[in-house]
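Trainee: Here it is, the structure in full.
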Amino acid sequence: MIPRHKSAMFSLTVRLTRGKGLHGAMAGAAAWFPWVLGIRVLNALVVRTYFTPDEYWQGPEVAHHAVFGFGHLTWEWQSEAQIRGFAHPALYAVCFWVLQVLVRRVR
């Protein structure tokens, strides 16, 4: 008897490859790969949207605000919350500070 799994794809692969050993299981997974890859490529070509990763808002934007005194801060960085550490944005802040000093010297 095949145990019930939450994934229908896994259950189908187990049924198709039962008794075929590791080689059969790999062949079953390889049969699904072109379909999954095709769906991913189609999704990449069809979907036209703007995506802002969280890493941008939690790194360079926070460092910019710390060095230059303006910019957008997400709720995690507001004075009421302050739930994040400054180690990651500090890497960017050093670069922004150097740029700020260099620009002041050029003017």
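Trainee: Confirm whether GLY69 is modelled with pLDDT of 75 or more, loosely packed, with under 10 Cβ neighbours inside 10 Å and assigned by TED's automatic domain parsing to the domain that holds ALA87.
Mentor: Yes; evaluated as a whole, the condition is true for this residue.
Trainee: In the list ALA63, ALA25, which residue meets the criterion of being surrounded by 10 or more Cβ atoms within 10 Å (Cβ to Cβ), modelled with pLDDT under 90 and not hydroxyl-bearing (Ser, Thr, Tyr)?
Mentor: None of the other options fit; the residue is ALA25.
The values are calculated or read from the model by the stated rules, or taken from the named source; none is laboratory data. Nothing here was measured: the structure is a model prediction, and the numbers come from that model. Ideal geometry is used to build each Cβ from the backbone, glycine not excepted, and the neighbour counts take in all protein chains shown.
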